[in-house]
Amino acid sequence: MKISFKPQNNPRVIIIQKLYSKFFNDDEILTYPKHRFKKFIKDITKGTIERDEIILEELNNNLNSKINFNNLDKVFQVILKSATYEFLYKPNLSTRIIIKEYLNASNFFLNNSQTKYLNALLDKIAKNIRSTNARI
């Protein structure tokens, strides 16, 4: 039996929406409605907000010098931050699954060419972070 999510019920879509509202509106009070993945959504959202500086440093280290993070689209920034949080702090999740889930969620916000670019960025960041953490 195949279970399909409506885009608005996908946990990573909700994470992106929560982070977008918090990062670009500091007065935003985050609430978490009833959802079967509420704990996961809350964990990723709060962890990304709390470790924002570490995540930004990691992104700046892993992105090409030609790519200025602040010049990227705001939704791109939020997706990259939350995915980077998962790469760093959720080692039990496969990078392939994280990337696939964020690409599925990004289809709700971005067009196809932007999703391909996001895929390349996430793949590069994941390889750099997970290979660095494996050596430590």
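List of remarks:
- Search result, residues across the stretch 91-112 that are under 23 Å from Asn128 (Cα atoms) and exposed (fewer than 15 other Cβ atoms within 10 Å of the Cβ): Pro91, Asn92, Leu93, Ser94, Arg96, Ile97, Lys100
- Candidates Thr84, Thr115: the one that is β-branched (Val, Ile, Thr) and more than 18 Å from Ile41 (Cβ to Cβ) is Thr115.
- Subset of the stretch 22-32 [of a type outside the set (D, E, K, R) and farther than 13 Å from Lys46 by Cα]: Phe24, Asn25
Per-residue answers, yes or no, for (1) hydrophobic (A, V, I, L, M, F, W, C); (2) more than 20 Å from Asp52 (Cβ to Cβ); (3) in contact (Cβ under 8 Å) with a residue 12 or more places away in the chain:
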residue	(1), (2), (3)
Asn70	no, no, no
Phe76	yes, no, yes
Ile79	yes, no, yes
Ser94	no, yes, no
Ile97	yes, yes, no
Asn107	no, yes, yes
Lys116	no, yes, no
Asn119	no, yes, yes
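- Pairing residues of the stretch 15-26 that are without any contact (Cβ under 8 Å) to a residue 40 or more places away in the chain with residues that are surrounded by 14 or more Cβ atoms within 10 Å (Cβ to Cβ), at Cβ distances under 7 Å and at least 6 apart in sequence or on separate chains, gives Lys18/Thr45; Lys22/Ile49.
- Filter result for Pro7 (closer than 18 Å to Leu103 by Cβ, modelled with pLDDT under 90 and surrounded by 10 or more Cβ atoms within 10 Å (Cβ to Cβ)): yes
The values are calculated or read from the model by the stated rules, or taken from the named source; none is laboratory data. Owing to the predicted nature of the structure, the values given are computational and were not obtained by experimental measurement. Please note: Cβ atoms are built from the backbone with ideal geometry, for glycine as well, and neighbour counts cover all protein chains shown.
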